[in-house]
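To start, the structure under review is shown below, and the notes come after it.
Every number here is computed from the coordinates shown, using simple stated rules; none is lab data. Model, not experiment: these values are computed from the prediction. Cβ placement follows ideal geometry from the backbone for every residue including glycine, while neighbour counts extend to all protein chains displayed.
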Amino acid sequence: MPAAVVILAAGSGTRVGAGVNKVLLPVDGASVLAHSLRTALAVDDVARLVVVVRPGDEPTVAAEIEPLLGAREVLMVAGGADRHASEWAALQALRPAIRDGLIDVVAIHDAARPLATPALYDAVITAARTHGGAIPVVATSALLGPNGLVEGGAIVQTPQAFAAGELLAAYTAADGDGFTGTDTASCLEAYSDVQIAAVSGEVTNLKVTYPEDVALAEALLSRR
Ligand code: CTP
Ligand code: MG
């Protein structure tokens, strides 16, 4: 059965501070979002593609993505106040397809990660079919955080993929609870007992978060 892919682009990019949503910034000849969408379009066997858009960004996003689509269709959904709310908006749009058994797995990706590859999507989608859920993880020798230095830490990336029925059930259960997790896996951990497999992340799969990340993404994309 085919999968669905959700691209989250409804943030505002306050930490980059460019004055526009960071996913609309140009890097290596296309917006951050266009790079992310181009990759998602190259993933095999995807029956539904959803882009979650910040209200007001629709015309700009439509102009960015239309040239990439060819015969493919993308569903544009208005995002919410935080990442979790934007995911929930996408899952509600996918609810009929999930209920009718048209898709078995949903992969959710941050548009702000323009360097993820189709192979990484394949890895998480395949692992989610086996285990119920899958996230890309890059091991680090140590992580410095609010609790000091933690040896043997791990950095979690997107795309994260989950069995569609379990994902929808978890987000439905979280609805109205005021839940705002850091990522998709945090909601599944709180509201399901689905197993989440760690697959190898990609060291180049950086998230554009701070101003200097824009130049870094540009350099990495231009070397592909
Ligand atoms: N996102 C979203 N809806 C929101 C907030 C975030 O779809 N209400 C998306 C962003 O567009 C991004 C991803 O979630 O692709 C990860 O979020 P983050 O890196 O925090 O992006 P922003 O929230 O836009 O940035 P900032 O926190 O600096 O404002
Ligand atoms: Mg944010």
Restricting to region 109-121, name every residue that is more than 13 Å from Gly201 (Cβ to Cβ) and in a loop (DSSP other than H, G, I, E, B). Ala111, Ala112, Pro114
Filter region 122-162 down to the residues that are in a strand (DSSP E or B) and either among the small types (Gly, Ala, Ser) or at positive phi (or both) and list them by number. Gly132, Gly133, Ala134, Ala139, Ala142, Gly145, Gly148, Ala154, Ala161
Determine whether Gly17 is within 14 Å of ligand 1 (Cβ to nearest atom) and on the phi > 0 side of the Ramachandran plot. yes
Identify all residues within region 172-192 that are assigned to a helix (DSSP H, G or I) and of a type in the set (Gly, Ala, Ser); write none if there are none. Ala173, Ala174, Ala185, Ser186, Ala190
Among the candidates Asp177, Asp183, Asp213, residue that is over 23 Å from Asp104 (Cα atoms) and crowded, with 16+ Cβ neighbours inside 10 Å: Asp213
Options Gly56, Gly70: the member that is more than 23 Å from Leu120 (Cβ to Cβ) and either touching a helix residue (DSSP H, G or I) at 6+ places or on another chain (Cβ under 9 Å) or more than 15 Å from ligand 2 (Cβ to nearest atom) (or both): Gly56
So which of Ala107, Ala139 ends up being among the small types (Gly, Ala, Ser) and under 22 Å from Val52 (Cα atoms)? Ala107
I'd like the full set of residues that are assigned to a loop (DSSP other than H, G, I, E, B) and touching a residue at least 40 places away in the same chain (Cβ under 8 Å), limited to region 193-216. Val194, Gly201, Glu202, Val203, Thr204, Asn205, Leu206, Lys207, Val208, Thr209, Tyr210
Conditions first: (1) in contact (Cβ under 8 Å) with a residue 24 or more places away in the chain; (2) more than 16 Å from His84 (Cα to Cα); (3) part of a strand (DSSP E or B). Gly165 passes all but one, so which condition is the exception? (3)
Residues of region 32-86 satisfying the condition of being among the polar types (S, T, N, Q) and in contact with a Cys (Cβ under 7 Å, 6 or more places away or on another chain): none
Would you mention how many residues in region 186-210 are of a type in the set (Val, Ile, Thr), crowded, with 17+ Cβ neighbours inside 10 Å and closer than 30 Å to Ala18 by Cα? 1
Quick check on Ala9: is it closer than 19 Å to Asn205 by Cα and within 16 Å of ligand 2 (Cβ to nearest atom)? yes
